[in-house]
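To keep things clear, I will list the structure first and then write my remarks on it.
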Amino acid sequence: MARDSGGALPVRAKPAPKAARTWWNVHQWVGLKLSLFLTFILFTGTLAVVSAEIDWLLQPSLRVSPASADGPVAWAKIADNAARYPGVAKANAIDAPTASAFAARVTIEHQDGSLGLLHAHPTTGKIQGEAPWVGAQRILRNMHRHLNLPVKYGVPIVSSLAFLLLISLVTSFVVYKKWWRGFAKPLRKRDARTWWGDFHRLAGVWSLWFVALIGLSGLWYFVESLGGDAPPQPRVEVEAGAEPSPLPPSLANAFEAALAARPALRVERVILPSPEKPLLELHGDYEAVLVRPRSNAVWVDARSAEVLLVTDGRDLNLHQRISEMADPLHFGYFGGYWTKVPWFLFGLAMTGLALSGAAIYTLRISRDRSEMLRFAKTLSGMWQGSGRWRWLSVILIAIGFALLPALILQNGG
């Protein structure tokens, strides 16, 4: 007890807050103050996992019959047909079909310098149609990765959310007592507050590994954005000041030499040569797991079909290997649909965690015991609980949408 200087009645000192309460306050703070921005980034990232499929639905020329594409990709025919397609000034790259029902995608430059895409049948090389460079895949990637801001500003802003995810993950083990018992706990339907609380805990325990994965890979992006990039991988450089040299009318010989240099390479991306840089690059999957396709590459002089360099992802050092595995793990594309589907579902679960946390807060402050909770009321609770931080979320999301027209117009979409 303490007594004031005037000799008044003793004043009982306030007890220190319990550790559990402190952990709960931290968990609520990191999950609520930027919940609007976090929900937006989680949702766009979830859609980015299946963005190629969204483009497939929206662009008929991207579709092929799987039965008609049962064979090796005709890389040389696709490159030759794309270079001769009307209005094309230059064909830059070819991306392999995402799945058996997809066409190959060729990135091109038009006569005015704007970018575009051609869709080519994988085995015949026939150009099936043209599409804007800015489709669902590009929009969702840019929104999720850097809000259409310059990369040096946008990436650290977005990836800083990794700190909130990891803090939320750590505090959840303290807030949710005996969490390991929650994997099979049913959702009680007593009222909305009980149901949302049960959902938040159930989705949370099943998503623990995924939250850790996204948080750690996001943290790595943050480190890279501040200068922690891995050392560059081996590459072939064109001599400075070298005069542009004419390319052969067909790249068939160069492709044949490249594929012979590494027959087991599953090509995912091809960088096409130009008079200024007469190098053909094949990137893909080889024996190293969880690396970007660029780690396994074959470099060929397109003029002479001479193989200049062959790289192997197994030769990367630790720093390079961590850098190369970040994207496959973050977006889950390393195993095709066997990994993309779980990544999409767990991405929805993470988005649901952000929304359900706001719903719990809404019901708690309103002491609502009704059987249902409207989505608008959840957003209202998210808005109120964010306090002044809500304006930061609104500004960042608004910037992403405001810069979207510039992205489209800049590339002739």
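The values are calculated or read from the model by the stated rules, or taken from the named source; none is laboratory data. Since this is a predicted model, take the numbers as computed values, not measurements. FYI the Cβ positions are ideal-geometry reconstructions off the backbone, even for glycines, and counts take in every protein chain you see.
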### Query
What's the number of the condition L226 fails, among (1) over 30 Å from L166 (Cβ atoms); (2) not assigned by TED's automatic domain parsing to the domain that holds A79?
(1)
### Message
Tell me yes or no: at least one residue of the stretch 241-255 is modelled with pLDDT of 95 or more and among the acidic types (D, E).
### Response
no
### Task
Name every residue in the stretch 269-295 that is surrounded by fewer than 18 Cβ atoms within 10 Å (Cβ to Cβ) and either of a type in the set (K, R) or within 23 Å of S100 (Cα to Cα) (or both), in order of residue number.
K277, E287, V289, L290, R294
### Query
Within the stretch 270-289, restricting attention to residues that are touching a residue at least 40 places away in the same chain (Cβ under 8 Å) and closer than 13 Å to A91 by Cβ, which residue is farthest from the chain's Cα centre (by Cα)?
S274
### Query
Looking at Y337, Y361, which is the one that is more than 29 Å from A96 (Cβ to Cβ), more than 13 Å from the chain's Cα centre (by Cα) and not small (G, A, S)?
Y361
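Inspect the stretch 140-157 for any residue being among the hydroxyl-bearing types (S, T, Y) and either closer than 30 Å to H27 by Cβ or part of a helix (DSSP H, G or I) (or both) and give the result as yes or no. Outline the logic, then answer.
Initially, the stretch 140-157 is screened for residues among the hydroxyl-bearing types (S, T, Y), giving 153.
From the residues that got through so far, the ones that are either closer than 30 Å to H27 by Cβ or part of a helix (DSSP H, G or I) (or both) too are 153.
Yes, the stretch 140-157 has at least one match.
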### Summary
Flagged in the stretch 371-413 as β-branched (V, I, T) and at pLDDT below 90, in numbering order, are T378, I408
### Query
Can you tell me which residues in the stretch 203-233 are touching a Leu at 6+ places or on another chain (Cβ under 8 Å), buried (at least 19 other Cβ atoms within 10 Å of the Cβ) and either free of Cβ contacts under 8 Å to residues at least 60 places away in the same chain or more than 12 Å from F346 (Cβ to Cβ) (or both)?
G215, S217, G218
## Note on the structure
Taking the stretch 174-197 and keeping residues aromatic (F, W, Y) and surrounded by fewer than 13 Cβ atoms within 10 Å (Cβ to Cβ) leaves W180, F183
### Task
Those residues that are buried (at least 18 other Cβ atoms within 10 Å of the Cβ) and either within 21 Å of T98 (Cβ to Cβ) or without any contact (Cβ under 8 Å) to a residue 12 or more places away in the chain (or both), I need them from the stretch 296-310; list them, please.
N296, A297
### Query
Taking the stretch 52-66, which residues are surrounded by 20 or more Cβ atoms within 10 Å (Cβ to Cβ) and closer than 21 Å to F401 by Cβ?
D55
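Please work out which residue is surrounded by the fewest Cβ atoms within 10 Å (Cβ to Cβ), limiting yourself to the stretch 133-156 and to residues that are among the aliphatic types (A, V, I, L, M) and over 15 Å from the mean Cα position of the chain (by Cα).
Restricting attention to the stretch 133-156, the residues satisfying the condition of being among the aliphatic types (A, V, I, L, M) are 134, 136, 139-140, 143, 147, 149, 151, 155.
Filter once more, keeping what is over 15 Å from the mean Cα position of the chain (by Cα): 134, 149.
Working: V134: 20, L149: 18.
Here the answer is L149.
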### Task
Determine, yes or no, whether A79 is buried (at least 17 other Cβ atoms within 10 Å of the Cβ) and farther than 28 Å from S225 by Cα.
yes
